[in-house]
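K.L.:
After the structure tokens below, expect a handful of questions from me.
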Amino acid sequence: MGKGEKSSPSCFGYPISIFFIVVNEFCERFSYYGMRAVLVLYFKYFLQWDNNLATVIYHTFVAVCYLTPILGAIIADSWLGKFKTIIYLSVVYAVGQVVMSVSAIHDLTDGNRDGTPDNITVHVVLSMLGLILIAFGTGGIKPCVAAFGGDQFEESQDKQRSRFFSIFYLSINAGSLLSTIITPILRGQECGIHSQQKCYPLAFGVPAALMAVALVVFVVGSGMYKKVSPQGNIMVKVFKCISFAISNRFRNRSRSTPKREHWMDWAKEKYDDLLIAQIKMVVKVLFLYIPLPMFWALFDQQGSRWTLQATTMDGNFGALQIQPDQMQTINAILILVLVPIVDVVVYPLIKKCKLNFTPLKRMTVGMFFAAMAFVAAALVQLSIDKTLPTFPTSTQIQVKVINLGTQNLTVSFRETQTPTQAPSFMFVDPLQAGDYKTLQLSSEMDVGYGNGTKPLSFANLLGEHRYTYIISNQNGLSTNWAEDVTSKPEQGGNAIRFINNLHERINITVGETSIGDISPFSFSNYTMQNLGIKQINVITEIGNSCSVDSIKFGFGSSYTIIINECTQSTTLKYIEDIQPNTIHMALQIPQYFLITIGEVVFSVTGLEFSYSQAPSNMKSVLQAGWLLTVAVGNIIVLIVAGAAGLGEQWAEYVLFAALLVAVCIIFAVMAYFYTYVDPAEIEAQFDSDGKKKKEKEKEALGYEIGDGPQSQTKM
């Protein structure tokens, strides 16, 4: 046992210290995933960023979180050791979470108390500072915690160590599961000092509290840990040794120079054999890592592309009403179910069948499952696309006419020169589909009742927009228009607005939402309503009132509701501008199931493989290399999605699946030629000076034989 190490108390063959490590990881992952679950919504709705900027910053943050493990590995292996690195960077992490929570307090700069920050720059600066601290904190401790847990086991506890990595991964997903459920609920609450707004401070504050708990739990277990002391600036040594080997080989590139068995052997003139042997082991594994980012490029799209896909689907599960951003919890739920099944049932069964299912073969299978998940996502997307509305291009508009008159209306679009009849919406069924006509910007329209006609020009309207015209003959030929929504309502909401077809001003309330006053023959603004039946209350200018239940709103729809009367038998007239989502979110379950199987056999195996193949003093370095593949994967998402320029989302899914299948084949070939090693066995071949023992014996033997004749001569 090395310097700085001590035996840890055990229970049922497992060190007690791993309990604190697993609880710490659970709390830390709750903190990270809880904050990340609402991060894009915070960017979009609080900081008022558009979709593109919010997505770019989100993926950049995730990439940095997985780049900083290199820094954490350097600090742990060469300076502070894993234990102190986890402690210090956890403090940085917790401070970052607190800063994020403070940045989301709208009252901080809301001087006029209207619910909107007056100085958004302050909130942006605080947010970026908080995210930087979080990225350095979570990234810095990532390579240390798993490796520190592995350090708690003795060399003879390979089975327990392997089981620990499965439990460790379960704790990650348990924290992820709970936080992904809880923090969106917290965000949906309303809070504030002067005005009530969505409670982002609470959504960020609870993860901050969990990070503080993680730190306290880890410190409490301090006396039980086996702490391996740092063994010098190993990262710098590695880089210097590799650089010297490359430069020395370049200097000796002459054909007359004898070849060496391995390119790292060109460093023997300056570095000891043990370090070179250790670097050879690390380089072999890092070479295998090259194809791995493609897996993470697909896996991390659960929080972006798949969530956006869910916004166009129906989330009504009977008693449960699932929001699009909550579908990610399926992954964590399946992890909790599949990890023990795979670990206790599947792998032993494969072993009994005498199949050599090596770690690298498992990872290959995992990549294939992830590719199939995206094929499933593409099939779901094709079904969704059939139900989505077609919106106008930059040179087009879409126009819909609502006849509020007492007789049929004649509508003639000059572009088509085909007159059509528009029935009065005073007498139609309660629910009608409003059909849009797609026209060029230069188009014109003639409308009329009987012999009275009126021309309408669209010259001042904007391309890529939808418009609704209301036309009446009750006080002469009257027209009015309003701009419609031109995208599916987000997060499964429903955009509704009202048309006042009475001769007096009315005031409308939907549930607890006040729409305000609407003038006669006018539109209200849109209001967003969630799933379900809403009570609509109308009060007229002269004091009449009526109340009626709405239709049951689904997910992602848009309605224009006409108020023709206000009596106890009031019937509302609904015009469906955008139909609700009809493809059920349950259809996403197969793709989540496939990618979760892929994650179980890929990620859990990868963690264990990285630890088992790492030299004793470079375990955090290799863990950092493993996490670096996640960062590169997030960058690949931005590059491929941007460079491909595919107009159809299903085609992008197929592209990612095809890329991963190609990478999977490459990785399988690389894995075939990989030779598993036992780092401890290799390191045992060297003495304390880093010299290979057999070579040293040969040198000593050669010296004695050479000295023999000389001694005899002197005698």
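The values are calculated or read from the model by the stated rules, or taken from the named source; none is laboratory data. What you see is a predicted model, and the numbers here were worked out from it, not measured in a lab. Neighbour counts are summed over all protein chains in view; Cβ atoms, including those assigned to glycine, are modelled from backbone coordinates with ideal geometry. Side chains included, ligands, DNA and RNA excluded: accessible areas come from the protein's heavy atoms. Shrake-Rupley method; radii C 1.70, N 1.55, O 1.52, S 1.80 Å.
K.L.:
Based on the alpha carbon coordinates of segment 248-320, what radius of gyration and maximum Cα-Cα distance (Dmax) apply, in Å?
P.N.:
Gyration radius and largest Cα-Cα distance of segment 248-320: 24.9, 79 Å.
K.L.:
A follow-up question, please. Using only Cα atoms, figure out Rg for segment 169-248 and give it as a multiple of 2.2 N^0.38 Å. Show your work: numbers first, answer last.
P.N.:
Details: Rg = 22.2 Å, N = 80, 2.2 N^0.38 = 11.6 Å.
Expressed relative to 2.2 N^0.38 Å, the Cα Rg reads 1.91.
K.L.:
Would you tally the net charge around Pro207, using a Cβ to Cβ cut-off of less than 13 Å, leaving Pro207 out, and scoring K and R as +1, D and E as -1?
P.N.:
+2
K.L.:
Using only the C-alpha atoms of segment 255-407, find the volume of their convex hull and express it per residue in Å³.
P.N.:
Values: hull volume 46.7 nm³, N = 153.
Per-residue hull volume (Cα only) is 305 Å³.
K.L.:
Can you give the local net charge around Val38? Use residues other than it whose beta-carbon is closer than 11 angstrom to its beta-carbon, Lys and Arg +1, Asp and Glu -1. Walk me through the numbers before you get to the answer.
P.N.:
On the way: positive: Arg36, Lys44, Arg187, Lys198; negative: Asp325.
In short, +3.
K.L.:
Please list 156-164, 243-251, 178-186, 597-605 highest first by mean number of surrounding beta-carbon atoms within 10 Å per residue. Don't jump to the answer; show the numbers that get you there.
P.N.:
Values: 156-164: 15.9, 243-251: 14.3, 178-186: 20.9, 597-605: 24.0.
Peptide ranking by packing, descending: 597-605, 178-186, 156-164, 243-251.
K.L.:
Given a 1.4 Å probe and every protein chain left where it sits, what share in percent of the accessible area of the chain is carbon and sulfur?
P.N.:
Working: 19430 of 32450 Å².
C and S fraction of accessible area: 60 percent.
K.L.:
Can you give the direction-averaged projected area of the convex hull of the alpha-carbon atoms in segment 201-249, in nm²?
P.N.:
Values: hull surface 26.5 nm².
Reported value for the Cα convex hull: 6.6 nm².
K.L.:
Further question: Can you give the accessible area per residue of segment 237-286, in Å², using a 1.4 Å probe?
P.N.:
Numbers: 3210 Å² over 50 residues.
For segment 237-286, the per-residue accessible area is 64 Å².
K.L.:
Of all the Cα-Cα pairs you can form in segment 563-648, what percent are over 16 Å apart?
P.N.:
Percentage above 16 Å: 76.
K.L.:
Could you give the angle, 0 to 90 degrees to the nearest 10, between helix 200-220's Cα long axis and the longest principal axis of the Cα atoms of the chain?
P.N.:
Relative to the chain, helix 200-220 is tipped by roughly 20 degrees.
K.L.:
Further, regarding this structure: Modelled label-to-label distance, Phe250 and Gln407, 7 Å Cα→beta-carbon offset: nm?
P.N.:
Distance between label points: 9.1 nm.
K.L.:
Enumerate the amide H contacts of Ile515 below 5 Å, restricted to partners 5 or more residues apart or on another chain; note that Pro and chain-start residues carry no placed amide H.
P.N.:
Result for Ile515 returns Ile508, Thr509, Val510.
K.L.:
Structure shown: which of Lys240/Lys280; Lys361/Lys691; Lys237/Lys692 lie over 25 Å apart, alpha-carbon to alpha-carbon? Please report the intermediate quantities before stating the final value.
P.N.:
Numbers: Lys240/Lys280 14 Å; Lys361/Lys691 35 Å; Lys237/Lys692 19 Å.
The answer is Lys361/Lys691.
K.L.:
With bins 10 Å wide starting at 0, give me the P(r) of the chain over every alpha carbon pair, in whole percents.
P.N.:
Reading upward from the zero bin: 3, 12, 19, 20, 16, 11, 8, 6, 3, 1, 1, 0, 0, 0.
K.L.:
Give the Rg/Rh ratio for segment 82-196, taking Rg as the radius of gyration of the Cα atoms and Rh as the Kirkwood radius, to two decimals. Can you show the working numbers first?
P.N.:
On the way: Rg = 19.5 Å, Rh = 17.0 Å.
My calculation puts Rg/Rh at 1.15.
K.L.:
Could you give P(r) for segment 427-530, binned at 10 Å from zero, as whole percent values over all Cα-Cα pairs?
P.N.:
Going out from 0 Å in 10 Å bins, segment 427-530 shows 11, 36, 39, 13, 1 percent.
K.L.:
Using only the alpha-carbon atoms, how far is helix 589-599 inclined from the longest principal axis of the chain? Give it as 0 to 90 degrees, nearest 10.
P.N.:
20 degrees
K.L.:
Per DSSP H run of at least 4 residues, take -39500 (n - 2.57); add these up for the chain, divide by its residues and hand me the 222 nm value, nearest 500 deg cm²/dmol.
P.N.:
On the way: 20 runs with 342 residues, N = 715.
Helix contribution divided over all residues of the chain: -16000 deg cm²/dmol.
K.L.:
Rank-order 116-122, 536-542, 306-312, 42-48 by packing density, defined as the average count of other C-beta atoms within 10 Å over each peptide's residues, highest first.
P.N.:
Working: 116-122: 14.1, 536-542: 16.7, 306-312: 22.4, 42-48: 18.9.
Output ranking for 116-122, 536-542, 306-312, 42-48: 306-312, 42-48, 536-542, 116-122.
K.L.:
Taking the Cα atoms of segment 326-381, report the difference between the largest and smallest coordinate on each principal axis, in whole Å and largest first.
P.N.:
For segment 326-381, the Cα spread along each principal axis is 40, 21, 15 Å.
K.L.:
In vacuum, with every alpha carbon of segment 524-682 counted as one equal point scatterer, what does the Debye formula give for log10 I(q)/I(0) at q = 0.10, 0.13, 0.17 Å⁻¹? Two decimals, please.
P.N.:
-0.67, -0.86, -1.15
K.L.:
Apply the Karplus parameterisation 6.51 cos²θ - 1.76 cosθ + 1.60, with θ equal to phi minus 60°, to every residue of segment 95-107 and state each ³J(HN,Hα) to the nearest whole Hz, in sequence, with x for glycine and proline.
P.N.:
Computed from phi, the couplings for segment 95-107 are 4, x, 5, 5, 4, 4, 5, 5, 4, 8, 7, 5, 5 Hz.
K.L.:
OK, next. Sort 292-299, 354-361 for me by packing, meaning the mean count of neighbouring Cβ atoms within 10 Å per residue, highest on top. Walk me through the numbers on the way to the answer.
P.N.:
Values: 292-299: 24.5, 354-361: 13.4.
Listed from highest to lowest mean packing, they are 292-299, 354-361.
K.L.:
Another question, then. Quick one: ranking Lys488, Lys268, Lys259 by accessible area, 1.4 Å probe, largest first, what do you get?
P.N.:
Details: Lys488 35, Lys268 100, Lys259 190 Å².
The residues order as Lys259, Lys268, Lys488, largest area first.
K.L.:
For the charge dipole of the chain, defined by +1 on Lys and Arg C-beta atoms and -1 on Asp and Glu C-beta atoms about the Cα centroid, which residue among Ser443, Ile496, Val375 has the Cα displaced farthest towards the positive pole?
P.N.:
Towards the positive end, the residue furthest out is Val375.
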